[in-house]
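Below is one structure; the comments refer to it alone.
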Amino acid sequence: MNTDIDPENTVSTKAHILIVEDEPVTRAKLAAYLTADGFQVSEAADAKDMKAAVARALPDVVLLDINLPDESGLILARELRAKSSVGIILVTARQDETDRIVGLEIGADDYITKPFNPRELAVRVRNLQRRVAPSMAAERSATGIYSFAGWRLDCDARQLTSPGGEAVRLTRGEFDVLAALARNAGRALTRDQLLDLTQHDGEAVIDRTIDVLVGRLRRKIEADSRHPTIILTVHGVGYRLVGG
(Lines give C-alpha, C1' and ligand atoms only; values in the text may rest on other atoms or scores of the structure.)
Protein backbone atom coordinates (compact mmCIF):
# COMPACT_ATOMS: atom_id res chain seq x y z
CA MET A 1 0.00 0.00 0.00
CA ASN A 2 1.41 3.38 -0.98
CA THR A 3 1.27 5.86 1.91
CA ASP A 4 2.48 8.79 -0.20
CA ILE A 5 -0.33 11.16 -1.15
CA ASP A 6 -0.66 14.04 -3.51
CA PRO A 7 -0.80 17.34 -1.60
CA GLU A 8 -3.16 18.71 -4.23
CA ASN A 9 -5.62 15.88 -3.70
CA THR A 10 -5.82 15.41 0.05
CA VAL A 11 -9.02 14.22 1.66
CA SER A 12 -10.65 16.29 4.39
CA THR A 13 -10.50 15.12 7.98
CA LYS A 14 -13.44 13.00 9.10
CA ALA A 15 -16.08 14.62 11.26
CA HIS A 16 -16.50 12.84 14.61
CA ILE A 17 -20.11 11.89 15.39
CA LEU A 18 -21.21 10.56 18.79
CA ILE A 19 -24.41 8.47 18.79
CA VAL A 20 -26.15 8.34 22.17
CA GLU A 21 -28.87 5.70 21.90
CA ASP A 22 -29.85 3.00 24.40
CA GLU A 23 -31.42 0.64 21.85
CA PRO A 24 -28.47 -1.45 20.59
CA VAL A 25 -29.87 -2.48 17.20
CA THR A 26 -30.87 1.07 16.30
CA ARG A 27 -27.50 2.37 17.48
CA ALA A 28 -25.55 -0.24 15.51
CA LYS A 29 -27.50 0.36 12.29
CA LEU A 30 -27.09 4.11 12.55
CA ALA A 31 -23.38 3.79 13.33
CA ALA A 32 -22.86 1.53 10.32
CA TYR A 33 -24.72 3.92 8.03
CA LEU A 34 -22.83 7.01 9.15
CA THR A 35 -19.49 5.21 9.05
CA ALA A 36 -20.21 4.14 5.46
CA ASP A 37 -21.09 7.77 4.71
CA GLY A 38 -17.59 8.85 5.71
CA PHE A 39 -17.95 9.89 9.35
CA GLN A 40 -15.87 8.79 12.32
CA VAL A 41 -18.42 7.36 14.74
CA SER A 42 -18.42 6.73 18.49
CA GLU A 43 -21.28 5.13 20.41
CA ALA A 44 -22.79 5.53 23.87
CA ALA A 45 -25.68 3.57 25.38
CA ASP A 46 -26.54 5.98 28.19
CA ALA A 47 -25.61 9.25 29.88
CA LYS A 48 -22.67 7.74 31.74
CA ASP A 49 -21.18 6.37 28.52
CA MET A 50 -21.79 9.69 26.76
CA LYS A 51 -19.96 11.71 29.40
CA ALA A 52 -17.01 9.33 29.27
CA ALA A 53 -16.91 9.50 25.46
CA VAL A 54 -17.02 13.31 25.45
CA ALA A 55 -14.23 13.42 28.05
CA ARG A 56 -12.05 11.20 25.83
CA ALA A 57 -12.64 13.12 22.62
CA LEU A 58 -14.99 16.01 22.01
CA PRO A 59 -17.14 15.14 18.97
CA ASP A 60 -18.27 17.52 16.26
CA VAL A 61 -21.92 16.44 16.41
CA VAL A 62 -23.90 14.50 19.02
CA LEU A 63 -27.00 12.51 18.02
CA LEU A 64 -28.74 12.46 21.37
CA ASP A 65 -31.76 10.31 22.19
CA ILE A 66 -34.02 12.16 24.62
CA ASN A 67 -35.21 8.98 26.38
CA LEU A 68 -32.17 7.43 28.03
CA PRO A 69 -32.37 4.97 30.95
CA ASP A 70 -30.25 6.96 33.41
CA GLU A 71 -30.74 10.64 32.56
CA SER A 72 -32.86 12.85 30.33
CA GLY A 73 -31.38 13.75 26.98
CA LEU A 74 -32.73 17.27 27.45
CA ILE A 75 -30.62 17.70 30.59
CA LEU A 76 -27.58 16.31 28.79
CA ALA A 77 -28.15 18.69 25.90
CA ARG A 78 -28.26 21.65 28.29
CA GLU A 79 -25.01 20.51 29.94
CA LEU A 80 -23.28 20.04 26.59
CA ARG A 81 -24.35 23.43 25.33
CA ALA A 82 -23.12 25.14 28.50
CA LYS A 83 -19.64 23.76 27.91
CA SER A 84 -19.23 23.55 24.15
CA SER A 85 -20.29 24.63 20.66
CA VAL A 86 -20.68 20.97 19.65
CA GLY A 87 -23.55 20.31 17.25
CA ILE A 88 -26.56 18.66 18.93
CA ILE A 89 -29.35 16.80 17.15
CA LEU A 90 -32.05 15.48 19.46
CA VAL A 91 -33.62 12.15 18.48
CA THR A 92 -36.87 10.84 19.94
CA ALA A 93 -39.86 8.61 19.26
CA ARG A 94 -42.20 11.14 20.84
CA GLN A 95 -44.50 13.23 18.68
CA ASP A 96 -45.00 15.86 21.38
CA GLU A 97 -43.94 19.30 20.14
CA THR A 98 -43.13 20.37 23.70
CA ASP A 99 -39.92 18.32 23.77
CA ARG A 100 -38.84 19.78 20.45
CA ILE A 101 -39.47 23.35 21.60
CA VAL A 102 -37.73 22.79 24.94
CA GLY A 103 -34.81 21.10 23.22
CA LEU A 104 -34.29 23.97 20.83
CA GLU A 105 -34.67 26.51 23.65
CA ILE A 106 -31.89 24.91 25.70
CA GLY A 107 -29.48 24.96 22.78
CA ALA A 108 -30.02 21.92 20.56
CA ASP A 109 -29.40 22.67 16.87
CA ASP A 110 -31.87 20.25 15.34
CA TYR A 111 -34.55 17.69 16.17
CA ILE A 112 -35.63 14.53 14.37
CA THR A 113 -38.41 12.08 15.19
CA LYS A 114 -38.24 8.29 14.87
CA PRO A 115 -38.67 6.56 12.54
CA PHE A 116 -36.45 8.63 10.29
CA ASN A 117 -34.76 8.15 6.94
CA PRO A 118 -31.04 7.47 7.58
CA ARG A 119 -30.13 9.38 4.44
CA GLU A 120 -32.00 12.46 5.65
CA LEU A 121 -30.31 12.21 9.04
CA ALA A 122 -26.88 11.94 7.41
CA VAL A 123 -27.58 15.10 5.41
CA ARG A 124 -28.64 16.91 8.57
CA VAL A 125 -25.50 15.74 10.36
CA ARG A 126 -23.24 16.84 7.53
CA ASN A 127 -24.87 20.26 7.22
CA LEU A 128 -24.67 20.84 10.96
CA GLN A 129 -21.05 19.70 11.12
CA ARG A 130 -20.12 22.22 8.46
CA ARG A 131 -21.83 25.00 10.41
CA VAL A 132 -20.11 24.21 13.71
CA ALA A 133 -16.67 23.38 12.24
CA PRO A 134 -15.16 26.89 12.65
CA SER A 135 -16.30 27.28 16.25
CA MET A 136 -15.23 23.73 17.15
CA ALA A 137 -11.76 24.29 15.67
CA ALA A 138 -11.37 27.50 17.69
CA GLU A 139 -12.68 25.77 20.82
CA ARG A 140 -10.24 22.88 20.55
CA SER A 141 -7.37 25.24 19.87
CA ALA A 142 -8.24 27.40 22.88
CA THR A 143 -8.35 24.42 25.23
CA GLY A 144 -5.20 22.85 23.83
CA ILE A 145 -7.05 19.56 23.33
CA TYR A 146 -7.07 17.86 19.95
CA SER A 147 -8.91 14.74 18.82
CA PHE A 148 -8.07 12.51 15.88
CA ALA A 149 -9.13 8.97 14.97
CA GLY A 150 -10.42 8.45 18.52
CA TRP A 151 -7.14 9.64 20.10
CA ARG A 152 -7.05 12.65 22.46
CA LEU A 153 -4.02 14.90 22.81
CA ASP A 154 -3.98 17.31 25.76
CA CYS A 155 -1.19 19.79 25.09
CA ASP A 156 -1.43 21.50 28.48
CA ALA A 157 -1.16 18.21 30.37
CA ARG A 158 1.18 16.82 27.69
CA GLN A 159 -0.85 13.63 27.66
CA LEU A 160 -1.94 11.33 24.83
CA THR A 161 -4.95 9.10 25.45
CA SER A 162 -5.86 6.14 23.24
CA PRO A 163 -9.38 5.49 21.89
CA GLY A 164 -9.72 2.96 24.69
CA GLY A 165 -8.92 5.56 27.36
CA GLU A 166 -5.35 4.45 28.10
CA ALA A 167 -2.50 6.95 28.57
CA VAL A 168 0.31 6.47 26.05
CA ARG A 169 3.80 7.60 27.01
CA LEU A 170 5.61 9.80 24.52
CA THR A 171 9.10 11.27 24.57
CA ARG A 172 9.39 15.05 24.42
CA GLY A 173 10.32 14.93 20.75
CA GLU A 174 7.46 12.58 19.87
CA PHE A 175 4.96 14.74 21.74
CA ASP A 176 6.17 17.96 20.14
CA VAL A 177 5.90 16.53 16.62
CA LEU A 178 2.44 15.10 17.26
CA ALA A 179 1.28 18.39 18.82
CA ALA A 180 2.53 20.36 15.81
CA LEU A 181 0.69 18.02 13.44
CA ALA A 182 -2.48 18.11 15.58
CA ARG A 183 -2.53 21.93 15.65
CA ASN A 184 -2.39 21.83 11.86
CA ALA A 185 -4.58 18.77 11.26
CA GLY A 186 -5.47 18.32 7.62
CA ARG A 187 -2.55 20.49 6.49
CA ALA A 188 0.72 19.14 5.12
CA LEU A 189 3.78 20.34 7.06
CA THR A 190 7.28 20.20 5.66
CA ARG A 191 10.15 18.77 7.70
CA ASP A 192 11.56 22.29 8.04
CA GLN A 193 8.25 23.54 9.42
CA LEU A 194 8.14 20.67 11.90
CA LEU A 195 11.69 21.45 12.94
CA ASP A 196 10.78 25.09 13.54
CA LEU A 197 7.71 24.10 15.57
CA THR A 198 9.49 21.51 17.73
CA GLN A 199 13.11 22.59 18.14
CA HIS A 200 14.25 23.62 21.61
CA ASP A 201 17.05 26.03 22.48
CA GLY A 202 20.46 24.43 22.42
CA GLU A 203 19.37 21.39 20.46
CA ALA A 204 20.98 20.48 17.15
CA VAL A 205 18.11 18.88 15.24
CA ILE A 206 18.19 17.78 11.60
CA ASP A 207 15.32 16.96 9.28
CA ARG A 208 16.15 13.26 9.50
CA THR A 209 15.17 13.48 13.18
CA ILE A 210 11.60 14.27 12.12
CA ASP A 211 11.43 11.07 10.05
CA VAL A 212 12.65 9.05 13.03
CA LEU A 213 10.13 10.65 15.40
CA VAL A 214 7.27 10.14 12.94
CA GLY A 215 8.28 6.49 12.60
CA ARG A 216 8.19 6.04 16.37
CA LEU A 217 4.83 7.79 16.63
CA ARG A 218 3.37 5.55 13.96
CA ARG A 219 4.43 2.47 15.90
CA LYS A 220 2.56 3.80 18.92
CA ILE A 221 -0.68 5.09 17.38
CA GLU A 222 -1.21 3.31 14.07
CA ALA A 223 -2.94 -0.06 13.79
CA ASP A 224 -0.27 -0.95 11.21
CA SER A 225 2.75 1.37 11.20
CA ARG A 226 3.76 0.13 7.72
CA HIS A 227 0.41 1.25 6.31
CA PRO A 228 -0.39 4.41 8.29
CA THR A 229 -3.83 5.97 8.19
CA ILE A 230 -3.35 8.72 10.79
CA ILE A 231 0.03 10.31 10.04
CA LEU A 232 0.32 10.35 6.26
CA THR A 233 3.35 11.02 4.12
CA VAL A 234 2.69 13.80 1.61
CA HIS A 235 4.95 13.09 -1.34
CA GLY A 236 7.50 15.83 -1.91
CA VAL A 237 6.31 17.83 1.12
CA GLY A 238 6.35 16.17 4.51
CA TYR A 239 3.62 14.84 6.78
CA ARG A 240 -0.07 15.42 7.47
CA LEU A 241 -2.25 14.33 10.36
CA VAL A 242 -5.69 13.02 9.44
CA GLY A 243 -7.93 14.09 12.29
CA GLY A 244 -11.56 14.50 13.24
Leu104, Leu217, reordered so the largest accessible area comes first (probe 1.4 Å): Leu104, Leu217
Where the accessible area of the range 16-132 is counted over protein heavy atoms with a 1.4 Å probe, how much of it, in %, is carbon and sulfur? 51
Considering only DSSP beta bridges with both partners in the chain, what is the antiparallel share in %, to the nearest 5? 45
Cα centre as origin, Lys/Arg/Asp/Glu Cβ charges: the range 74-202 dipole, Debye: 320
Taking the chain and dividing mean pair separation by its residue count, relative contact order in percent (alpha carbons under 8 Å, at least six apart): 20
I want the local charge near Arg219. Using Cβ-Cβ distances under 15 Å, sum +1 for each Lys or Arg and -1 for each Asp or Glu among the other residues. +1
Multiplying the sequence separation of Asn127 and His235 by 0.36 nm and subtracting their Cα-Cα distance, what value in nm do you get? 35.7 nm
Estimated 222 nm signal from helices in the chain, with DSSP H stretches of n ≥ 4 weighted -39500 (n - 2.57), rounded to 500: -13500 deg cm²/dmol
Throw me the Rg/Rh for the chain, computed over C-alpha atoms with Kirkwood Rh, two decimals. 1.02
To the nearest 0.05, what FRET efficiency results for Asp211 and Thr98 with a Förster distance of 35 Å applied to their C-beta separation? 0.05
Of Ala57, Leu197, Asn117, whose Cα points farthest to the positive end of the dipole of the chain (charges on the beta-carbon: +1 Lys, Arg; -1 Asp, Glu; origin at the Cα centre)? Leu197
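Between rounded, prolate and oblate, where does the range 16-132 land on the alpha carbon gyration tensor, with a ≥ b ≥ c its root eigenvalues, rounded for a/c under 1.5, else prolate if a/b exceeds b/c?
Taking the square roots of the gyration eigenvalues as a ≥ b ≥ c, the range 16-132 is rounded.
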Solvent-accessible area per residue for the range 145-241 (1.4 angstrom probe, square angstrom): 51
Taking a label point 7 Å from the Cα of Asp192 along the Cα→Cβ vector, which residues of the range 223-244 have an amide N closer than 19 Å to it? 234-240
Working out 0.36 nm times the residue gap between Asp154 and Ser135, then minus their Cα-Cα distance, what length gain in nm do you get to one decimal? 5.0 nm
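The values are calculated or read from the model by the stated rules, or taken from the named source; none is laboratory data. All values derive from a computational prediction rather than experimental measurement. Cβ: placed from backbone, ideal geometry, glycine included. Neighbour counts: every protein chain shown. When the accessible area is computed, the model is the full protein with side chains, heavy atoms only, and any ligands, DNA or RNA have been set aside. Shrake-Rupley method; radii C 1.70, N 1.55, O 1.52, S 1.80 Å.
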